[in-house]
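Contents: one structure, followed by commentary.
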Amino acid sequence: MSTAAVTEVAPAEGVRARRLRWGALAHGQGLVGVVMVALVVVAGLLAPVLAPYDPTQQIPGANLAPPSAAHWLGTDEVNRDILSRVLHGIRIDLVVVFLAVPVGAALGVALGLLSPLHAWADVATQRLLDVLLAFPVLILAITATAAMGPGLRTIAVVIVLAELPIFGRLARTSVLKVRALPYVESARVMGAGETWLLRKHVLPNSLEPLTVQLAVSMSVAVFIEGAMSFLGLGVRPPDPSLGSLIKDGIRNVWEAPFFVVGPLVVVSMLVLGFLLVAQAISAQRRR
Amino acid sequence: MTVPHLHRADQTAAPPLLRVRDLRIDFAHPRPAVEGIDVTVGRGEIVALVGESGSGKSMTARAVIGLLPRGAVATGSIELEGREVLGASEEDLRRLRGAGVAMVFQEPQTAPNPVRTVGWQLREALRAHGAVSRAEARERAVALLRQVEIPDPETRVDHYPHQLSGGQKQRVVLALALANEPSLLLADEPTTALDVTVQAEILALLGRLRDETGAGVLLITHNMGVVARLAQRVVVLREGRVVEEAPVRRLFAEPEHPYTRQLLGAVPRLPSGSEPPTLAPPPEAGASAAALRLDDVRVVYPARRGQAAFTAVDGVTFEVRRGEVVGLVGESGSGKTTLGRAAAGLLPAAAGTVHVGGADLATLSARALRGVRRGLALVPQDPAASLDPRFTVARSIAEPLDVHRVGDAASRAARVSELLDAVRLDPGLAQRRPHQLSGGQRQRVALARGLALDPTLLIADEPTSALDVSIQAEVLELFTRLQRELGFACLFVSHDLAVVHQVSDRVVVLREGLVVEQGPAERVFGAPEHDYTRRLVAAVPEPVPAEEAQARRVS
Amino acid sequence: MTRYVLRRLPSAVLVVLAASVVIFSVIRLVPGDPVATLAGPDATPEARDAIRAELGLDEPVVVQYLQWLAAMVRLDPGQSYLVGGDISRLVREGLVNTLVLAGGALLLAVVLTLVAAVGGVLAHRRGVDTLLNGVNTAAVALPTFVTGPLLVLLFAVLLPVLPAGGTPPEGFWARPDISVQFLLMPALCLALPAAAALTRFLSEALRTELEQPYATTARALGVGRRRLVLTQALPNALPAAVTVLGVQVGTLLGGAVLVEAIFAWPGLGMLAEQAISSRDYPLVQTLLLLSVAVFVATQLLTDVVQALLDPRIRLGAS
């Protein structure tokens, strides 16, 4: 045996070069997605500054006015500025996307991570998630609205409850897979405790596969808000939300076809943006 | 096949069955996978294409059958019965595949379609080269299964692959390849995934089939024992080039190229029957000193969704004394891995006791268990997963020190470089991550991690089985040296008898969860007492050409 | 095989039971007294008590739950508060319409998926892939409440070829040609998201299957790509796709509420919307339990179909 062993070349194929984790978002469809989402997010955050009018202010004489210098997206049937309502409506989605989804995801991951440690807890958690999963999302929305009445709070609860089992299941699968990997077993045999294994190996290595789902869930959340508001289960008037704006726009589509365009474009940008991000990350992971 | 039109230059003799000239296969980036390979195979001839991973042997075979991966560009010439394969249209290639040249693949578990019956798949193979009626196809299918010596072919023809054993599946794959009477058979590591006893049967079958059909065989393998048993001529490849070509006897008797010599030297060998078994050192007294002791151990996998409980091992008793290496051998399904995991405390014993360093694993508190485990280490099998992909080499090696809070940052760093040195790794690798290392390097790191706390017992589960022979030889030598220097005890689990023979003081032979035989390595392999061990030893293909092996046995 | 089904049955029943507890207690949490609403502001305490007794609201909660559950199991959910009439009659009428809609959508989704996924993989051209991928992404990114109105705008207003909404006046079976016209847009609208998700899954699965060793074996035997896809890759990819189809039925159930609202389709979704807005809680409870039961049953069914399609589960190891 010689030191030649040390210079043994690493095989070029088979071993994936580990690219920057977020590299997928710096080019191609990932970048397009990020830009689309970022535009909407910034617009929503800056709504109080950007919006020319108060979203609920009724402007005399401007009934279903077509787009103009004063009202870029026109006005609605009760004389409110649609641009201002869209900008403020985005904020509802920001809460839903960046608060409700992460909360649901975090709770789900916590369940998926901890429940396999105990056989009975695992069974109980799985059955609980089964029950949650037995409700299709919009049916869940109806159930929640029946109990809590319509409103942002209800939307948020629905999204948390819808995401929780998805992330719970995914995290559990991922955790069970990682826990059985040879490097985790080696650490266990050499005397590492459960907390060590969880913190050092299982958690970091299980979370990465969940990033794709996070992006998908965010796009679904925009959809859920829209559908709930469309059905009158969501945000209550006169507060604007993208879903209720689309509903109002459709109702007035004959008199004012421009009405629906603004909210429609914003919703599509958000959904599509998150979708592109999800696709880019999953394409990167497959490489 | 039609008689090929003879080229002017070849008027003196019929062209060989397969003639590969100056084959070069390029991918978009690094160096070419294959750089100017020449190979010929005559009718009825078995030619072995030998090399380690990355040698280009499989790529060459895939080029012959026109199934190169996307993005590969092949230049040069591949003539099959005088007709050029490179550059042929997809439809011409399709007609060629299966009929002119057929391929036998490595992995019998996945090579057949899992949702179609054996008969359906044979019919599909026949149908690809001409219409056949259902009845005709079935008749042919049964005949083919009979030809590859599958018992009860009339019943088996209606079975799905998962209802067959691994060896039978490989026979089915052979039957598929033979369906359209190809003149050339490409066998890509046809027995690598099989147990030795099954491997011996399949190799014998391949030889008989060649005799019956007169087909030429291009045998792609890394296993010199397989080469010796089957091939007539050998072509040795390394990094895409032919290093040496010779008739099999000459190659084994007088290898010319240093790489061939290295390859042959690296093959672990069993003592041949003619050598008298050397007597093992007398067993040490004092069983209490055992590093690992298993008493009447049974391990049961509990019943799960629809599957009944399964007893993997039962009534196993043996011990590993301090400073001793015990090899645990058996074929797949023997329970050797299960037993290794039970010894490591990863699986509970359903009955019996497991003592590590005198402590019964089952009765220990979590805290005490962790203390016992300080003296215990595991070297896993799969180099791809033996290290956390997020950890640097240094962090992986230092993990046991971190877990047990040994020393401070400086002393841990010092220990890491000491260990890197011990396993002969460049200290510059310390900050690399696993994906930047080769398989051999990763297993060295795994070994270094295992040794970090000077364990009294190391459990190694097939630590070298995924490595190339020359790398395996290096890692095994390193292991032996370190074991001698540091004096740790080791339970060495492996399916490879020659590897176990090389590293072990004593051997435990498992079969279907039961201990068949145990004793000093030289005695068990040199003069096996149990019939099963004898069969196992006889099935190991020796790196000695078949005729010579026979001659030696006679003398 | 029968054992396989029987093993899954208890847990499915348990899930539906647990969901019924959730639905029942969630409705009990509702602020406001249904008795007060029913009796009106002028009712005497005696009248309220009478109503309360009639509704069984004076019993302990557990008893109320069991009575409710028993009524559900007997398929006799009782009277609706405000919409009026017998719940089982309301549900029966809506159920037919919803079944036609959801069934049509399911069929459409399956056909679209097979054409797009199998066709795309068979075509094996970069241009086709890009086109399909673009259409697919658009179908996923456009929510139902957007595609619905768009379809109405295109095919009922600008190009008045299809009715904008409603069900055929003479029922579904009298004039199938007219029924198809009424069904086409809502079914397409409902099918689109499911078809997009399924297509994505199936084409990915088919591509993965074509990289499996058995596919290489078949190619090395001279089996053509077309035949390989249709007779080998598809049967291998199908079991998992059926599971995804089962999950998509949930999307369909929820989406039906939206689609029925958009196309004025008098099905269960519309009934649910009415029930919620008029706080007709017995009706809401019934509809929720029904949809959960249907969803769970569908998933049980897809499990069974999946097992039937996969000989490894169907036959077990020998």
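The values are calculated or read from the model by the stated rules, or taken from the named source; none is laboratory data. Not measured: the values here are computed from a predicted model. Note that each Cβ is placed from the backbone with ideal geometry, even for glycine, and that neighbours are counted across all protein chains shown. These accessible areas exclude ligands, DNA and RNA; they are computed on the full protein's heavy atoms, side chains included. Shrake-Rupley method; radii C 1.70, N 1.55, O 1.52, S 1.80 Å.
Can you say whether C:R200 is in the same structural domain as C:L159 (by TED's automatic domain parsing), among the charged types (D, E, K, R) and not in a loop (DSSP other than H, G, I, E, B), as far as the supplied structure shows? Walk me through how you get there before you give the answer.
Numbers: in the same structural domain as C:L159 (by TED's automatic domain parsing): yes; among the charged types (D, E, K, R): yes; not in a loop (DSSP other than H, G, I, E, B): yes.
So C:R200 passes the test.
Check whether at least one residue in region A:61-84 is at pLDDT 85 or above, more than 14 Å from every other protein chain (Cβ to nearest Cβ) and open to solvent by 80 Å² or more (accessible area, probe 1.4 Å), and report yes or no.
no
Working only within region C:291-318, note down all residues that are in a helix (DSSP H, G or I), open to solvent by 40 Å² or more (accessible area, probe 1.4 Å), facing another protein chain (nearest Cβ under 10 Å) and of a type in the set (A, V, I, L, M).
Of everything in region C:291-318, those that are in a helix (DSSP H, G or I), open to solvent by 40 Å² or more (accessible area, probe 1.4 Å), facing another protein chain (nearest Cβ under 10 Å) and of a type in the set (A, V, I, L, M) turn out to be C:V294, C:L309, C:I313, C:L315.
Which one of these does A:A180 not meet: (1) over 19 Å from A:A100 (Cα atoms); (2) open to solvent by less than 20 Å² (accessible area, probe 1.4 Å); (3) free of Cβ contacts under 8 Å to residues at least 12 places away in the same chain?
A:A180 satisfies all of (1) over 19 Å from A:A100 (Cα atoms); (2) open to solvent by less than 20 Å² (accessible area, probe 1.4 Å); (3) free of Cβ contacts under 8 Å to residues at least 12 places away in the same chain except (2).
Hey, any hits in region B:129-137 for a residue that's within 11 Å of another protein chain (Cβ to nearest Cβ), hydrophobic (A, V, I, L, M, F, W, C), free of Cβ contacts under 8 Å to residues at least 24 places away in the same chain and part of a helix (DSSP H, G or I)?
Just the residues of region B:129-137 that are within 11 Å of another protein chain (Cβ to nearest Cβ), to begin with: B:129-130.
The next check asks that each one be hydrophobic (A, V, I, L, M, F, W, C); those that pass are none.
No: zero hits.
Given the criterion in a helix (DSSP H, G or I) and either open to solvent by 10 Å² or more (accessible area, probe 1.4 Å) or modelled with pLDDT of 90 or more (or both), identify the matching residue among C:A174, C:A237.
On the way: C:A174 fails: in a helix (DSSP H, G or I).
It is C:A237.
Could you check region C:268-288 and list, in sequence order, the residues that are in a helix (DSSP H, G or I) and at the interface with another protein chain (Cβ under 10 Å from one of its Cβ atoms)? Full working, then the answer.
Going residue by residue through region C:268-288, those that are in a helix (DSSP H, G or I) are C:268-277, C:281-288.
Of everything in region C:268-288, those that are in a helix (DSSP H, G or I) and at the interface with another protein chain (Cβ under 10 Å from one of its Cβ atoms) turn out to be C:G269, C:A272, C:E273, C:A275, C:I276, C:S277, C:Y281, C:V284, C:Q285, C:L287, C:L288.
Kindly indicate whether A:R127 is open to solvent by 10 Å² or more (accessible area, probe 1.4 Å), more than 23 Å from the chain's Cα centre (by Cα) and more than 14 Å from chain C (Cβ to nearest Cβ). Break it down stepwise before answering.
Values: open to solvent by 10 Å² or more (accessible area, probe 1.4 Å): yes; more than 23 Å from the chain's Cα centre (by Cα): yes; more than 14 Å from chain C (Cβ to nearest Cβ): no.
Answer is no for this residue.
Please go through region B:364-383 and pick out each residue that is at the interface with chain A (Cβ under 8 Å from one of its Cβ atoms) and among the small types (G, A, S).
Result: B:A366, B:G371, B:A377.
Given the criterion modelled with pLDDT of 90 or more and surrounded by fewer than 16 Cβ atoms within 10 Å (Cβ to Cβ), identify the matching residue among B:G340, B:G315. Walk me through how you get there before you give the answer.
Values: B:G340 fails: surrounded by fewer than 16 Cβ atoms within 10 Å (Cβ to Cβ).
Criteria check complete, one pass: B:G315.
With (1) assigned to a loop (DSSP other than H, G, I, E, B); (2) at pLDDT 85 or above; (3) farther than 27 Å from A:V235 by Cβ as the list, and A:P52 as the residue in question, which single condition is left unmet?
(3)
Residues being over 23 Å from B:P15 (Cβ atoms), over 17 Å from the mean Cα position of the chain (by Cα) and open to solvent by less than 20 Å² (accessible area, probe 1.4 Å): count how many of those fall in region B:183-230.
4
Among the residues in region C:250-262, are any over 23 Å from C:V304 (Cα atoms), open to solvent by 30 Å² or more (accessible area, probe 1.4 Å), assigned to a helix (DSSP H, G or I) and aliphatic (A, V, I, L, M)?
yes
Counting only residues that are free of Cβ contacts under 8 Å to residues at least 40 places away in the same chain and surrounded by fewer than 22 Cβ atoms within 10 Å (Cβ to Cβ), which one in region A:144-156 is nearest to the other protein chains (Cβ to nearest Cβ)?
Among those residues, the one meeting the criterion is A:A147.
Taking only pairs six or more apart or across chains, which ones have beta-carbon atoms under 8 Å, a first residue in region A:185-202 that is farther than 18 Å from B:P383 by Cα and more than 7 Å from every other protein chain (Cβ to nearest Cβ), and a second residue that is surrounded by fewer than 23 Cβ atoms within 10 Å (Cβ to Cβ) and of a type in the set (V, I, T)?
From residues that are farther than 18 Å from B:P383 by Cα and more than 7 Å from every other protein chain (Cβ to nearest Cβ), the pairs are A:L197/A:V184; A:V202/A:V178; A:V202/A:V184.
Identify all residues within region A:244-253 that are crowded, with 23+ Cβ neighbours inside 10 Å and either within 7 Å of chain C (Cβ to nearest Cβ) or in a loop (DSSP other than H, G, I, E, B) (or both); write none if there are none.
Selection gives A:I246 alone.
What is the number of the single condition among (1) farther than 22 Å from A:Q213 by Cα; (2) within 14 Å of chain C (Cβ to nearest Cβ); (3) open to solvent by 10 Å² or more (accessible area, probe 1.4 Å) that A:L117 does not meet?
(2)
Counting just the residues of region C:252-267 that are in contact (Cβ under 8 Å) with a residue 40 or more places away in the chain and at the interface with another protein chain (Cβ under 9 Å from one of its Cβ atoms), which one comes out farthest from C:M72 (Cα to Cα)? Show your work before the answer.
The initial filter retains those residues of region C:252-267 that are in contact (Cβ under 8 Å) with a residue 40 or more places away in the chain, namely C:252-253, C:255-256, C:258-260, C:262-267.
After this cut, where a residue has to be at the interface with another protein chain (Cβ under 9 Å from one of its Cβ atoms) as well, the list is C:252-253, C:255-256, C:258, C:262.
On the way: C:L252: 23, C:L253: 20, C:G255: 24, C:A256: 23, C:L258: 26, C:I262: 30 Å.
Here the answer is C:I262.
Within region B:25-32, can one find any residue that is crowded, with 21+ Cβ neighbours inside 10 Å, modelled with pLDDT of 90 or more, at negative phi and out of contact with any Gly (no Cβ under 6 Å at 6 or more places or on another chain)?
Checked region B:25-32: at least one residue is crowded, with 21+ Cβ neighbours inside 10 Å, modelled with pLDDT of 90 or more, at negative phi and out of contact with any Gly (no Cβ under 6 Å at 6 or more places or on another chain).
Which one is modelled with the lowest pLDDT among residues in region B:97-111 that are buried (at least 23 other Cβ atoms within 10 Å of the Cβ), at the interface with another protein chain (Cβ under 7 Å from one of its Cβ atoms) and within 20 Å of the chain's Cα centre (by Cα)?
Residue satisfying both the conditions and the ranking: B:F105.
So C:L101 ticks every box in (1) within 30 Å of A:L276 (Cα to Cα); (2) open to solvent by less than 20 Å² (accessible area, probe 1.4 Å) but one. Which box is left unticked?
Going through (1) within 30 Å of A:L276 (Cα to Cα); (2) open to solvent by less than 20 Å² (accessible area, probe 1.4 Å) one by one, C:L101 breaks only (1).
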